[in-house]
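Q: The following block contains the structure, expressed as structure tokens.
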Amino acid sequence: MTNLPDLDLCTDGAAMQAQLQAMLPGFADGSLRIDALGVSSVRRNTSQQRNPRRLTLCYDLAVHEPVSGRRGVQWLYAEVFRDDVDAVASAARQRGPLTPPAFGEPLVHLPHLRMLLWALPNDPGLPQLSTLLDPVRAAAVVPGAGSAGVRIELLRYAPEQRATLRYTLPGRAGAAPSQVYAKTFRDGRAGAIAARFRHFWQAARGDATAPLVAEPLGCDEGLRTVWQAPAAGVPLRDTLGEADAPRWMAGVARALARLHAAPLAPTATATPRSVAHWVDEVDRRRRKIARIDAALAPRAQHIAETLRAHAPRHLQRPMSLIHGDWHLDQVWVQGDRLLLFDFDEFTLGDPMEDLAEFVLKLEQLERHDLRAARGSALASVLIAHYRAAAPQRFDAAALAWHLAIQSLLQASRAFIYQQPDWQRTLERRLAACEVRTAALRDL
């Protein structure tokens, strides 16, 4: 295949600012000016069979209109394809009417980059954004908004998958403005997520030892959206250097144990995280690392073989409800209680997976926020208290196996998400994974 676009160009903010200024309709003639451009949500793919797109990412454009003086932000979702994208662009335009964005055209094809650019609120996987990002239409669906105007902020955006928005509602009769948060999804999981928040909200009201959640305000199945009130508190990661950090780790362990025992349904579309699932995933990551850097292939192969060899001993572990995305940023501190976030990924799996993911992220902070021994010490507290809270679910060998797997995932994500200096980060994380994998022999 020839004449593939330079992916480094596509992720270079300054270069793409110049490219888009020169190529976008409404911008090329100077009617609109890009004052600044940010790059986010970068995801790179190496598999030609699994995904026709080599790269997806977002551009955050600060735009002004010189004639009117109007200024604002325009998000663009970019897809960079392996092959000619003419047919894809034509099909996208024929699927239905697109919504005019604040600036520019709703869908633009840049052939020299093999790129499609969707201007929000247009997103091929989240058509409800045309309602949720429109102040007039949103006022009719946001709880408590009534007919009043709302101010909308897009806080987080995973193209074609999910988005988090904040609505500020004007106060009535002199009252202060209020806020409502929304999380919207590609699939129909909103109802199940709302039920999870209701469960934990009710549990917290009747039990002072239960973790808190933001107050659920309802669910709109048609818009695939969950509504919640604001939550006050301090991110858990900001407390880790304090004397109370071990106490919070004990609380995290107990909260996780309660979550694993909750009578709730997993996400219907989520793949159960069985031993077989993880063996397949390990092999997929091995192949990905080999495509990224052939010199790393033998090391990735040895890791995969070792993890596969240790898999049979975990086949009899019963699966239960797990969080599926359990890490530091899912927990805040509010007064003397913990506050939990993000119930999107509940599925069936081994509880040691959740514990391993949190431990690994906690230990990684040693390179940034904590002194060398702090992260490991807090991880030990977390493990000990989870073991005490849920002895029937704890298994040291399964935890070690999942720690090695999570370490391998972290290595490949350095490339997938194009993290700064990803080559060095990938190699460093792969080395850490080798240490984890070698330790399995002693269990």
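The values are calculated or read from the model by the stated rules, or taken from the named source; none is laboratory data. These numbers come from a predicted model, not from an experiment. Ideal geometry is used to build each Cβ from the backbone, glycine not excepted, and the neighbour counts take in all protein chains shown. The protein model used for the area step is the full one, side chains on, heavy atoms only, and it has no ligands, DNA or RNA in it. Shrake-Rupley method; radii C 1.70, N 1.55, O 1.52, S 1.80 Å.
Q: Rounded if a/c is under 1.5, else prolate if a/b is larger than b/c, else oblate: which is the range 299-400, with a ≥ b ≥ c the root eigenvalues of its Cα gyration tensor?
A: oblate
Q: At a 10 angstrom cut-off on C-beta neighbours, averaged per residue, how do the peptides 216-229, 151-164 rank from highest to lowest?
A: Result, highest mean first: 216-229, 151-164.
Q: Full-extension gain between Asp244 and Arg156, please, as 0.36 nm times their residue separation minus the C-alpha to C-alpha distance. Working shown, then result.
A: Working: separation 88, 0.36 × 88 = 31.68 nm, distance 3.03 nm.
Difference between extended and current length: 28.7 nm.
Q: Something else about it: Counting only Cα atoms, I'd like the Rg/Rh figure for the range 102-248, Kirkwood definition for Rh. Display every interim value, and only then the final one.
A: Values: Rg = 18.5 Å, Rh = 17.6 Å.
The Rg/Rh ratio comes out at 1.05.
Q: Can you give the helix-only mean residue ellipticity at 222 nm for the chain, where every DSSP H stretch with n ≥ 4 adds -39500 (n - 2.57) and the sum goes over all residues, rounded to the nearest 500 deg cm²/dmol? Spell out each step's value before the answer.
A: Working: 13 runs with 168 residues, N = 443.
Helix contribution divided over all residues of the chain: -12000 deg cm²/dmol.
Q: Please compute the net charge surrounding Ala294, taking Lys and Arg as +1 and Asp and Glu as -1 over other residues with Cβ under 14 Å from its Cβ.
A: That works out to +3.
Q: Right, here's the next one. Quick one: which of 123-132, 86-95, 186-195 comes out on top by average Cβ neighbours within 10 Å, and what's the full order, highest first?
A: Details: 123-132: 19.9, 86-95: 12.5, 186-195: 18.1.
Ranked by mean Cβ neighbours within 10 Å, highest first: 123-132, 186-195, 86-95.
Q: Here's something else I'd like to know. What ranking, highest mean first, results for peptides 264-271, 250-257 when packing means the other Cβ atoms within 10 Å averaged over each residue? Intermediate results must be reported in sequence, preceding the final value.
A: Working: 264-271: 15.5, 250-257: 22.1.
So the peptides 264-271, 250-257, ranked by packing, come out 250-257, 264-271.
Q: Continuing with the same structure: Ignoring ligands, DNA and RNA, what accessible area per residue does the range 274-380 give at 1.4 Å, in Å²?
A: Values: 4550 Å² over 107 residues.
That works out to 43 Å² for each residue.
Q: Using the Cα gyration tensor of the range 311-368, with a ≥ b ≥ c the square roots of its eigenvalues, what is the shape: rounded (a/c below 1.5), prolate (a/b larger than b/c) or oblate (neither)?
A: oblate
Q: Considering only the other residues whose Cβ falls under 15 Å of the Cβ of Ala229, what net charge follows from Lys and Arg at +1 and Asp and Glu at -1?
A: After counting each charged neighbour, the total is +3.
Q: Can you give the Kirkwood hydrodynamic radius for the range 214-262, in Å, rounded to one decimal and based on Cα pairs?
A: Averaging 1/r across every pair of different Cα atoms and inverting gives 13.5 Å.
Q: A further question follows. Provide the per residue accessible area, probe 1.4 Å, for the range 20-91, rounded to a whole number of square angstrom.
A: 48
Q: If the viscosity is 0.890 mPa s and the temperature 25 °C, what translational diffusion coefficient in µm²/s does Stokes-Einstein give for the range 33-131 when Rh comes from Kirkwood over Cα pairs?
A: 170
Q: Assuming R0 = 22 Å, can you tell me the calculated FRET efficiency for the pair Gln419 and Arg291, based on Cβ-Cβ distance, to the nearest 0.05?
A: The formula returns an efficiency of 0.80 here.
Q: Let me make sure I get this right: for the chain, a, b and c are the square roots of the gyration tensor eigenvalues over alpha carbons, sorted descending. Under 1.5 in a/c it's rounded, otherwise prolate if a/b > b/c, else oblate. Which is it?
A: Taking the square roots of the gyration eigenvalues as a ≥ b ≥ c, the chain is oblate.
Q: Roll a 1.4 angstrom probe over the protein heavy atoms and tell me the percent of accessible area of the range 25-95 that is carbon or sulfur.
A: Values: 1690 of 3720 Å².
Answer for the range 25-95 is 45 percent, counting heavy atoms of protein chains only.
Q: Another question about this same structure. Please work out how much length the chain gains when fully extended from Ala14 to Ala140, using 0.36 nm per residue of separation minus the C-alpha to C-alpha distance, in nm with one decimal.
A: Roughly 41.4 nm would be gained on extension.
Q: May I ask which residue of Gln128, Gly96, Thr267 lies farthest towards the positive end of the charge dipole of the chain, with charges of +1 (Lys, Arg) and -1 (Asp, Glu) on Cβ and the Cα centre as origin?
A: Farthest along the dipole direction, towards plus: Thr267.
Q: Taking Cα atoms of the range 93-183, Rg/Rh with Kirkwood Rh, to two decimals?
A: Rg/Rh for the range 93-183 comes to 1.06.
Q: Determine the gain in length on full extension of the stretch Glu65-Leu315; use 0.36 nm per residue of separation and subtract their C-alpha separation, reporting nm with one decimal.
A: 83.9 nm
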